[in-house]
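Report on the following structure.
The values are calculated or read from the model by the stated rules, or taken from the named source; none is laboratory data. Note that this is a predicted model, so its numbers are computed, not measured. Virtual Cβ from ideal backbone geometry, glycine too; neighbours counted across all protein chains shown. The area values use the complete protein model at the heavy-atom level, side chains included, leaving out ligands, DNA and RNA. Shrake-Rupley method; radii C 1.70, N 1.55, O 1.52, S 1.80 Å.
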Amino acid sequence: MLRGFISGFRLQLSFFRNYTDSLIPLVAAPLFAIIFSMVLRHSGRADISGYSVLAAFYITLWRFAIFNGGWVIQIEKWDGTINYLVASPPGLAPVVVGRISTMMLAGGFSFIEMWLFGKYVLHAGVTIHHWYLFLASLVLTLAAMTTTSLFMANLFVLSRAAVAFSNSLSYPGYLLGGILVPVPLLPGWLRPVTTVVFLSWSSRLLQGCLSAAPVPNAGFDLMMLALLGLAALVLGSFMLRRTVRRVRLTGELALQ
């Protein structure tokens, strides 16, 4: 499995070198930050302008995980290599996780990009007051984003329109994750749904790290973030094995 993971990791690096358009989310991230910063300042909330930087970071990370994650399977179908990948000794899951992990590293670099852009261009308040909590939250967020992409990958194997499906997940993820609108401002009937979206726990943690005040319930939020990431890994691995077994039996694996 480690060999498959490393192969997938190196394969995605080669995709980045040869298909630079896959890095477009890094180019679009500052534009999102500008828009969100203008909205906050126009509404008289310049004190939380740092949230605009985090929102742009989350959108970039989500685009890498979901949109590019959908392309991982779709491109294999288009190139006619999905059958060879499934039949290889490592199997589909390690290679997909390796490729998604490469995307998560690229998405992680977007935080550095956004921090520098927010601090020196937007002059937003992006001072991190709780470094240990911030680093723990960031690592768990990247891990949870990777496992969530693996969970979605099994649906992309079955779908003939993986790209359209991944696009449809963008804004629901932003909304339920508290990225664009804080969870307490959502309708009461919608708030319970956010508890099963790991982004809602992650965004609360990272937003709290920008404040000098102690972050309330930080331990519980970290635990929920880790549990949701682990649940996505277990369910994603189980469902992917069953899905691959099903499409191999029905001959639907390589259908466009």
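Observations on the model:
- Length-normalised contact order for the chain - Cα pairs under 8 Å, 6+ apart - percent: 26 percent
- Ordering A55, M104, Y84 by Cα displacement along the dipole of the chain toward the positive end leaves Y84 in first place; charges were set at the Cβ atoms of Lys, Arg (+1) and Asp, Glu (-1).
- Normalised contact order of region 184-256, rounded percent, pairs of Cα under 8 Å and 6 or more residues apart: 24 percent
- Cβ-placed point charges (K, R +1; D, E -1), dipole of the chain about Cα centre in debye, nearest 20: 460 debye
- Here the convex hull built on the C-alpha positions of region 1-128 has a volume of 102 cubic angstrom per residue.
- Cα-based helix-to-principal-axis angle, 198-208 vs the chain, degrees rounded to 10: 30 degrees
- Percent accessible area from carbon and sulfur atoms, the chain, protein chains only, probe 1.4 Å: 70 percent
- When region 4-154 is described by a simple charge dipole with +1 on each Lys and Arg Cβ and -1 on each Asp and Glu Cβ, the residue from T127, I35, I75 located farthest towards its positive end is T127.
- According to the Cα-based calculation, Rg over Rh for the chain is 0.99, with Rh computed by the Kirkwood formula.
- Taking every DSSP helix (H) stretch of at least 4 residues in the chain, weighting each as -39,500 (n - 2.57) and dividing the sum by the residue count yields a mean residue ellipticity at 222 nm of -24000 deg cm²/dmol.
- Rounded accessible area per residue of the chain, 1.4 Å, Å²: 50 Å²
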